[in-house]
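Here's the structure we're looking at; comments come further down.
The values are calculated or read from the model by the stated rules, or taken from the named source; none is laboratory data. Computed from a predicted structure; not experimentally measured. Methodologically, a virtual Cβ is constructed for each residue, glycine included, from the backbone with ideal geometry; neighbour enumeration extends over all protein chains shown. Keep in mind that these areas ignore ligands, DNA and RNA; they rest on the heavy atoms of the full protein, side chains included. Shrake-Rupley method; radii C 1.70, N 1.55, O 1.52, S 1.80 Å.
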Amino acid sequence: MTVGTYTELASVFAALSDETRWDILTELGQADHSASSLATRLPVSRQAIAKHLTALQACGLVESVKVGREVRYRALGAELGKTARKLERIGAEWDRRLAAIKNIAESL
């Protein structure tokens, strides 16, 4: 997934809007974990963790890797980086527009 369109950004923000998903992503940022491992670290059931992981995986923030008989999850920082760069471009465009408005106002 290439972050850039409204739909893509919306899916990332929707995934990140949940506190448990933030906590999961924080844990995965430190080390790979299985859903069971995350359930022992967070006050959420394994089934709920699995649903949150599905949401994070759907928008490209997490990937699963089979390690033996276990499925482990890892955070994908690249997608967060793409989102951050898109937001920086939007912010820079707004800064440019506001500077232009300020210049017009000051020249009156």
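Could you tell me whether segment 8-15 includes any residue that is open to solvent by less than 60 Å² (accessible area, probe 1.4 Å), free of Cβ contacts under 8 Å to residues at least 12 places away in the same chain and aliphatic (A, V, I, L, M)?
Scanning segment 8-15, I find at least one residue that is open to solvent by less than 60 Å² (accessible area, probe 1.4 Å), free of Cβ contacts under 8 Å to residues at least 12 places away in the same chain and aliphatic (A, V, I, L, M), so the answer is yes.
I'd like to check something: does segment 44-60 contain any residue that is within 15 Å of GLU8 (Cα to Cα) and of a type in the set (Val, Ile, Thr)?
Scanning segment 44-60 turns up no residue that is within 15 Å of GLU8 (Cα to Cα) and of a type in the set (Val, Ile, Thr).
Just the residues that are in a helix (DSSP H, G or I) and in contact (Cβ under 8 Å) with a residue 40 or more places away in the chain, please, taken from segment 27-40.
LEU28, GLY29
Suppose we filter segment 41-57 for residues that are assigned to a helix (DSSP H, G or I) and either open to solvent by less than 20 Å² (accessible area, probe 1.4 Å) or touching a His at 6+ places or on another chain (Cβ under 9 Å) (or both); how many remain?
Residues in segment 41-57 being assigned to a helix (DSSP H, G or I) and either open to solvent by less than 20 Å² (accessible area, probe 1.4 Å) or touching a His at 6+ places or on another chain (Cβ under 9 Å) (or both): 4 in total.
Hey, could you check segment 16-40 for residues that are open to solvent by 60 Å² or more (accessible area, probe 1.4 Å) and of a type in the set (Val, Ile, Thr) and say which is farthest from GLU88 (Cα to Cα)?
Checking each candidate, the answer is THR40.
Kindly provide the set of residues from segment 58-108 that are open to solvent by less than 70 Å² (accessible area, probe 1.4 Å), of a type in the set (Gly, Ala, Ser) and either under 24 Å from THR7 (Cα atoms) or within 19 Å of the chain's Cα centre (by Cα) (or both), ordered by number.
The answer is GLY60, SER64, ALA75, GLY77, ALA78, GLY81, ALA84, GLY91, ALA92.
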